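The values are calculated or read from the model by the stated rules, or taken from the named source; none is laboratory data. For clarity, every value in this text was computed on a predicted model and none was experimentally measured. Note that we place each Cβ from the backbone using ideal geometry, even for glycine, and neighbour counts take in every protein chain shown.
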Amino acid sequence: MSTTNPSIPADTAAHVLSHFGRGGYPAGDWTESLITLIDRADMTNRAKLVTAFPEVGAAVLLAKYDEEGIATLQRIAGLQVAPLTCSSSNCWNAVGPFDPKTGRCEDCIEAAA
Ligand SMILES: [Zn+2]
């Protein structure tokens with residue numbers, strides 16, 4: 001699957017990121033319900049929904065199935081892309097959460113405070 005999808009609007013990317021708890025901002029009630037529906041659908045129904053709502057569908061599929069999907073959506077939404085690992089030299093925390101400005105994980109930020 002392609003990791004770039006210029007057909008996804010920034011708003012849609014932000015809505016889907018919010019649905020998956022990865023930043024962005026929540027959609028209105030109807031769109032959030034649609035995102036949830038596509039997220040939870042079986043393959044047959046998901047294909048129907050993605051056909052009917054290609055932009056939201058593409059964004060949900062990116063978030064769920066593409067390794068780079070969340071980062072791609074964050075770029076589309078104009079958000080700072082979270083680093084893959086903590087930027088502190090002796091810390092290999094790959095889980096986060098990370099501070100987008102320093103690239104350090106929460107533990108390192110707390111330890112430095
Ligand atoms: Zn760290």
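If you check 108, 91, which single one turns out to be within 16 Å of the ligand (Cβ to nearest atom), part of a helix (DSSP H, G or I) and on the phi < 0 side of the Ramachandran plot?
On the way: 91 fails: part of a helix (DSSP H, G or I).
Only one candidate passes the filter, namely 108.
Quick check: is even one residue across segment 64-83 surrounded by fewer than 12 Cβ atoms within 10 Å (Cβ to Cβ), more than 23 Å from residue 7 (Cβ to Cβ) and within 16 Å of the ligand (Cβ to nearest atom)? Reasoning before the result, please.
Step one: of segment 64-83, the residues surrounded by fewer than 12 Cβ atoms within 10 Å (Cβ to Cβ) are 65, 67, 78.
In the following step, the residues that additionally are more than 23 Å from residue 7 (Cβ to Cβ) were identified as none.
Taking every residue of segment 64-83 in turn, none turns out to be surrounded by fewer than 12 Cβ atoms within 10 Å (Cβ to Cβ), more than 23 Å from residue 7 (Cβ to Cβ) and within 16 Å of the ligand (Cβ to nearest atom).
Here is the figure for segment 35-61: residues that are surrounded by 13 or more Cβ atoms within 10 Å (Cβ to Cβ) and either touching a Phe, Trp or Tyr at 6+ places or on another chain (Cβ under 7 Å) or among the hydrophobic types (A, V, I, L, M, F, W, C) (or both) total 12. Would it be correct to say that residue 109 is within 12 Å of residue 22 (Cβ to Cβ) and either free of Cβ contacts under 8 Å to residues at least 12 places away in the same chain or assigned by TED's automatic domain parsing to the domain that holds residue 15 (or both)? When the stated conditions are applied, residue 109 does not pass them.
Among the residues of segment 76-88, at least one is outside any loop (DSSP other than H, G, I, E, B) and at pLDDT 90 or above.
List pairs: first residue in segment 62-74 and within 15 Å of residue 38 (Cα to Cα), second residue of a type in the set (A, V, I, L, M) and in a helix (DSSP H, G or I) anywhere in the structure, Cβ distance under 7 angstrom, at least six positions apart or on different chains. Every condition considered, the pairs that remain are 62/73; 63/16; 63/70; 63/73.
Among the listed residues 13, 27, 59, identify the single one that is assigned to a loop (DSSP other than H, G, I, E, B) and modelled with pLDDT of 95 or more.
Among 13, 27, 59, only 27 is assigned to a loop (DSSP other than H, G, I, E, B) and modelled with pLDDT of 95 or more.
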